[in-house]
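Everything on this sheet refers to the single structure shown next.
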Amino acid sequence: MRIRAFTPRDLASLTDLTIETFRPFYEDSFRPLVGETVFANQHGDWRDDYRREAPRLHAPERHRYVAVAEAGDDNDNGDGDGDGDGDGDGLAGYVAWSVDPDRRNGSISHLAVSAQHRRHHVGTALCEHAFAHMRSLGAEVVEIGTGGDPFHAPARALYERLGCTALPTAVYYRKL
């Protein structure tokens, strides 16, 4: 695996990975939890929301950055399957973050790891990469948000392993 800066050629894969990663949350967790009315109002168009949002994640002129983890194997042909034939398997994951230089604050907005690369420390490596970049830009603290539902339990565990402190919050929805 190699972590590198986002390039425009990554956009389609990054968008697809985002939709693949978060589909179980929206369709299997959030929708049944809140019902159709709230779901439609809040996230009914979630796939297209990500398609619109993804191109705006990397904007260094606005202190917004993306790094991608390229899948690779021990034979270093870049395909990630270990057979040395170079047939490729794309992005292992990505992290998007921003820095507010005036407040010396960083924020991770997106972290996605492909299903076949989860539990292989890709998320840890991506977060550590983003943290180092934030520090180089003068950030002294970082904020990372995630959900309190079962889908987001692995993210919460990762952030706690990285030394982050969870703040108790609650968000309520109600159909009117």
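When you scan the stretch 72-95, do you find a residue that is modelled with pLDDT of 95 or more, of a type in the set (V, I, T), in contact with a Phe, Trp or Tyr (Cβ under 9 Å, 6 or more places away or on another chain) and farther than 19 Å from H152 by Cα, even just one? Walk me through how you get there before you give the answer.
Filtering the stretch 72-95 for residues modelled with pLDDT of 95 or more gives 92-95.
When the remaining residues are screened for being of a type in the set (V, I, T), the result is 95.
Checking which are in contact with a Phe, Trp or Tyr (Cβ under 9 Å, 6 or more places away or on another chain) leaves us with 95.
Among the residues that remain, those that are also farther than 19 Å from H152 by Cα are: none.
Checked against the condition, which is being modelled with pLDDT of 95 or more, of a type in the set (V, I, T), in contact with a Phe, Trp or Tyr (Cβ under 9 Å, 6 or more places away or on another chain) and farther than 19 Å from H152 by Cα, the stretch 72-95 yields no hits at all.
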Check your understanding: Which one of the conditions (1) within 15 Å of C164 (Cα to Cα); (2) open to solvent by less than 50 Å² (accessible area, probe 1.4 Å) does H117 fail to meet, given that it meets all the rest?
Key -> (1)
Revision key, fill the gap. Here the qualifying pairs (Cβ atoms under 8 Å; residues six or more apart or on different chains; first in the stretch 54-66 and under 20 Å from G93 (Cβ atoms) and touching a residue at least 60 places away in the same chain (Cβ under 8 Å); second among the small types (G, A, S) and in a helix (DSSP H, G or I)) come out as Y65/A130
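Could you list, in sequence order, all residues of the stretch 91-108 that are in contact with a strand residue (DSSP E or B) (Cβ under 6 Å, 6 or more places away or on another chain) and either surrounded by fewer than 18 Cβ atoms within 10 Å (Cβ to Cβ) or among the hydroxyl-bearing types (S, T, Y) (or both)?
We begin by selecting, within the stretch 91-108, every residue in contact with a strand residue (DSSP E or B) (Cβ under 6 Å, 6 or more places away or on another chain); these are 91-99, 105-108.
If the condition is that a residue be in contact with a strand residue (DSSP E or B) (Cβ under 6 Å, 6 or more places away or on another chain) and either surrounded by fewer than 18 Cβ atoms within 10 Å (Cβ to Cβ) or among the hydroxyl-bearing types (S, T, Y) (or both), then Y94, S98, N105, S107 are the ones that fit.
The values are calculated or read from the model by the stated rules, or taken from the named source; none is laboratory data. Treat the numbers as computed from the prediction; the structure is a model and nothing was measured. A quick note on method: Cβ atoms are made from the backbone with ideal geometry, for glycine too, and the neighbour counts reach across all protein chains shown. SASA here: full protein model, heavy atoms, side chains in, ligands and nucleic acids out. Shrake-Rupley method; radii C 1.70, N 1.55, O 1.52, S 1.80 Å.
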